[in-house]
Amino acid sequence: MAKIYTKTGDLGKTSLYDGTRVRKDDPRIALNGTLDEVTCALGIARARATPKVSNWIELLQAELIEVMAYIARGKAKREVISPLGLEKRIDLLVSEYPFYSDFILPGDDEVSSALHLARAFARRAERVGLKALESSLIDREIYIYLNRLSDYIYVLAVSAYWEGVIARITKKVVFEMDQKTNIGSKYLNAEIARKLIDAGRKKAQEIGVPMAMAVCDANGFLIAFERMEGVLQISLSLAPKKASTAIKLKMPTEVLSQLVQPGKDLYGLQNDPELVVFGGGLLLKKDEDIVGAVGVSGGSVEQDITVAEAMVKMWES
């Protein structure tokens, strides 16, 4: 079994990449040790980051390995560690996220805080690297890279903070949608939807007009659908769309028809092919919660509304 300890550094020396023995306080060793701290702090951030931020961090960690290999006189590819690449990434992030001139006090979230820790280590790497530069152990371009490194990690920290905000808001919205879906499924299921369809069919037979009838859940997904013999072909698509439109706009489609008139608040929505802006779509509610909707098409607007109202009446009974 290979041993972790070699005992070759017991006298205060270690090896560079090419095998050259140097003191452990050699400027190159000190610089690489500090960059190692940077990569570790980045790892803490990456472990808790969103996938998008995690990818940014992982790319930077891989790049820093190349930088450290160069500093230890390894086989780094020079084009990989140019400061220009960092500058482009800095400019891109600054253009995509809000940045303010106020001093940032780390601690708003774990990811950005860990990145600020990495930024502080990167600043120290720049200070440590100055001695290596003055001793001609690294070139000026690498030293410029060290300066840009802390800048880049700073914008990473700010960007990661905003990505975290987005993730938390998204999680909250999804949770609330799930809650509403659960409320809907508790009260509205396929069996109940069929009863609503039956009530609609009965009313359509009473007025002598074949209808297409649809019942959707709180997310606008179709639960039940029926087409009566002789119904117009176009009504087959209009009925589900009326129900989903009522869900999307949280209002009966007859009310929507009034709001899309020229000069009204929702004028223009009548051009959306996914919406139906005339009567026949009604909401299903339990207390104040929208749990679904019905959509009816096949006759005049008044006839469609009459059948839809019969379905809602069954729901409320």
*Selection from the stretch 291-317 of residues that are in a strand (DSSP E or B) and touching a Leu at 6+ places or on another chain (Cβ under 6 Å)*: 291, 292, 293, 294, 297
_Residue count for the stretch 105-136, restricted to those that are of a type in the set (Val, Ile, Thr) and farther than 23 Å from residue 55 by Cβ_ = 1
*When you look at residue 29, is it crowded, with 18+ Cβ neighbours inside 10 Å, touching a Ser or Thr at 6+ places or on another chain (Cβ under 9 Å) and either in contact (Cβ under 8 Å) with a residue 40 or more places away in the chain or in a helix (DSSP H, G or I) (or both), yes or no?*
yes
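Report, by residue number, each residue of the stretch 271-282 that is surrounded by fewer than 21 Cβ atoms within 10 Å (Cβ to Cβ) and either under 31 Å from the mean Cα position of the chain (by Cα) or modelled with pLDDT of 95 or more (or both).
271, 272, 273, 274, 275
This table checks each residue for (1) assigned to a loop (DSSP other than H, G, I, E, B); (2) open to solvent by less than 30 Å² (accessible area, probe 1.4 Å); (3) of a type in the set (S, T, N, Q).
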| residue | (1), (2), (3) |
| --- | --- |
| 223 | no, no, no |
| 229 | yes, no, no |
| 233 | yes, no, yes |
| 239 | no, yes, no |
| 246 | no, yes, no |
| 251 | yes, no, no |
| 258 | no, no, yes |
| 262 | yes, no, no |
*Output yes when any residue across the stretch 120-129 is among the aliphatic types (A, V, I, L, M) and open to solvent by less than 10 Å² (accessible area, probe 1.4 Å), and no when none is.*
yes
*asked:* Pull out all pairs, ordered by first then second residue, where Cβ-Cβ is under 6 Å, the residues are six or more apart or on different chains, the first lies in the stretch 241-258 and is acidic (Asp, Glu), and the second is modelled with pLDDT under 95.
replied: 254/279
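The values are calculated or read from the model by the stated rules, or taken from the named source; none is laboratory data. Everything quoted here is computed from the prediction, not taken from an experiment. As a convention, Cβ positions derive from the backbone with ideal geometry for all residues, glycine included, and neighbour counts pool all protein chains shown. Note: accessible area is taken over every heavy atom of the protein model, side chains too, but ligands, DNA and RNA are not part of it. Shrake-Rupley method; radii C 1.70, N 1.55, O 1.52, S 1.80 Å.
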